[in-house]
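Read through the structure below, which is laid out as structure tokens, and then see the notes.
The values are calculated or read from the model by the stated rules, or taken from the named source; none is laboratory data. These numbers were taken from a predicted model, which means no experiment stands behind them. Here Cβ is always computed from backbone atoms with ideal geometry, including for glycine, and neighbour counts include all displayed protein chains.
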Amino acid sequence: MHIHEYQAKTLFSRNNIKTPKGVLIANTKEASKACSELGGGI
């Protein structure tokens, strides 16, 4: 079976399997914001 990551995360969520939160970014400003929201650093 070949599925995309977003499909796997949906499948896992429906079956109460926790996955890390992620966000899509397109530039450095968004990367900085995402790091703050996710609790990480650049």
>> I need a count of the residues in the chain that are polar (S, T, N, Q) and either part of a helix (DSSP H, G or I) or in contact with a His (Cβ under 7 Å, 6 or more places away or on another chain) (or both).
In response: 6
>> Condition check: out of contact with any Pro (no Cβ under 7 Å at 6 or more places or on another chain), modelled with pLDDT of 90 or more and either hydroxyl-bearing (Ser, Thr, Tyr) or exposed (fewer than 12 other Cβ atoms within 10 Å of the Cβ) (or both). Does GLU30 satisfy that?
In response: no
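Mind listing just one residue for me: the one in region 10-24 that is closer than 25 Å to SER36 by Cβ and modelled with pLDDT of 95 or more and, of those, surrounded by the most Cβ atoms within 10 Å (Cβ to Cβ)? Break it down into steps so the answer makes sense when it comes.
Taking region 10-24 as the starting set, the residues that turn out to be closer than 25 Å to SER36 by Cβ are 13, 18-24.
Within this subset, residues satisfying the condition of being modelled with pLDDT of 95 or more are 13, 18.
Numbers: SER13: 11, LYS18: 7.
Top of the filtered list is SER13.
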> Out of curiosity, is GLY39 out of contact with any Cys (no Cβ under 9 Å at 6 or more places or on another chain), modelled with pLDDT under 95 and surrounded by 11 or more Cβ atoms within 10 Å (Cβ to Cβ)?
Replying inline: no
